1. Would you tally the residues in the stretch 33-46 being loosely packed, with under 13 Cβ neighbours inside 10 Å and in a loop (DSSP other than H, G, I, E, B)?
2. Determine the pairs where a residue that is under 16 Å from VAL30 (Cα atoms), located within the stretch 50-62, has a partner that is hydroxyl-bearing (Ser, Thr, Tyr) and surrounded by 13 or more Cβ atoms within 10 Å (Cβ to Cβ) with Cβ atoms under 8 Å apart, the partner being 6 or more residues away or on another chain.
Amino acid sequence: DGVFIRAPWAESTGARVEVLATYEGRPVAVRQGTALATAFHPELTGDHRVHALFAAMVRARSGGGPR
C-alpha cells in the first residue's frame with residue numbers, strides 16, 4: 001500500500017524508463033538510470049522495499065558494499 005499526498009503519477013514514460021509500480025494502471029514508481037521517482041510516500045508505511053532499492057542503487061553506483 002502506498003500513501004499518496006498530492007502526488008499524481010507519471011503521465012508518460014520514455015523507452016528507457018522502467019516502470020516499477022502502477023496504481024489503477026498508471027505508473028507511480030519509475031526509474032531511469034540513477035534517477036528514481038515515486039508518486040507516493042514510502043516513508044509513511046512500514047514497507048521498506050523502495051528504500052532498499054534506493055540503497056542498492058547507491059551501493060552499485062559507489063562501487064559496492066558499506067564503508
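1. From the stretch 33-46, those loosely packed, with under 13 Cβ neighbours inside 10 Å are 33-35, 43-44, 46; that's our starting set.
Next, only the ones that are in a loop (DSSP other than H, G, I, E, B) stay: 33-34, 46.
Counting residues in the stretch 33-46 that are loosely packed, with under 13 Cβ neighbours inside 10 Å and in a loop (DSSP other than H, G, I, E, B) gives 3.
2. Here the result reads VAL50/THR38, each pair linking the stretch 50-62 to a residue that is hydroxyl-bearing (Ser, Thr, Tyr) and surrounded by 13 or more Cβ atoms within 10 Å (Cβ to Cβ).
Here is a yes/no grid of residues against (1) at pLDDT 90 or above; (2) assigned to a helix (DSSP H, G or I):
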{"site": "SER12", "(1), (2)": "no, no"}
{"site": "ALA15", "(1), (2)": "yes, no"}
{"site": "VAL28", "(1), (2)": "yes, no"}
{"site": "ARG31", "(1), (2)": "yes, no"}
{"site": "VAL50", "(1), (2)": "yes, yes"}
{"site": "LEU53", "(1), (2)": "yes, yes"}
{"site": "MET57", "(1), (2)": "yes, yes"}
{"site": "PRO66", "(1), (2)": "no, no"}
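The values are calculated or read from the model by the stated rules, or taken from the named source; none is laboratory data. Computed from a predicted model, the values in this text were never measured in an experiment. Quick reminder, even Gly has a Cβ in these numbers, built from the backbone with ideal geometry, and neighbours come from all protein chains shown.
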